Amino acid sequence: MKKPVNTKKVTGRRTLRFGTLAQALAELGRLERCGEVQSLGNWSPGQNLSHLARTMDSSIDGFPSRFPLPLRILGRLARGRILSRPFPVGFRMPRAAQAVLLPPEMSFTEGAAEFREAIARLNREPKRVPSPFLGELTIAQWEQFHCRHAELHLGFLVSVELPASIGAAT
């Protein structure tokens, strides 16, 4: 078994910034055109994309757990800051969430299909549930959350032909 990577110390991670999920989809398209995609972290490219899709679906269907009360209070107080700045690297999700949000091994193509379908679902379904950390969010705030989350995970995906520091237009 491969030794886990300390994702806080990964070098070569790309810095991305998305204003919309359409920009995240455009970045996925760029990755697909580059040929073989590799992950600098612990999850495969397909797992990264599937995790993003599962989180998007959970923002409609509900999450398996909530954060402890002190963290929920902190999340609500810092909501604007959290939604506007890059997500921190190396976050460990609660155990209860892992069963739903931690994807099995899958191909990049399978993960990309899940990612595209989840974004399409967000675009056609207006229902959203409260965030287990940030509380009630508007559709626009949920999109900000999903953009920050996609920046983090897509930043770990690289190809030989893709420059190490590329930023999507905002």
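Quick note: the coordinates plus some simple rules give every number you see, no bench work behind them. In this text the structure is predicted, and so the values were computed from the model without any measurement. Glycine also receives a Cβ, built like all others from the backbone with ideal geometry; neighbour counts cover every protein chain displayed.
Gln144: net charge of surrounding residues, Cβ under 12 Å, Lys/Arg +1, Asp/Glu -1, itself excluded?
+3
Run the numbers for Arg128 and Thr15: contour at 0.36 nm per residue of separation, minus the present Cα-Cα distance, in nm.
Between Arg128 and Thr15, full extension yields an extra 37.9 nm.
Kirkwood Rh over Cα pairs of the chain into Stokes-Einstein at 4 °C, 1.567 mPa s: D in µm²/s?
Answer from the Stokes-Einstein relation: 79 µm²/s.
How much length, in nm to one decimal, is gained on full extension between Ser84 and Ala22, taken as 0.36 nm per residue of separation minus their Cα-Cα distance?
Extra length from Ser84 to Ala22 when fully extended: 20.6 nm.
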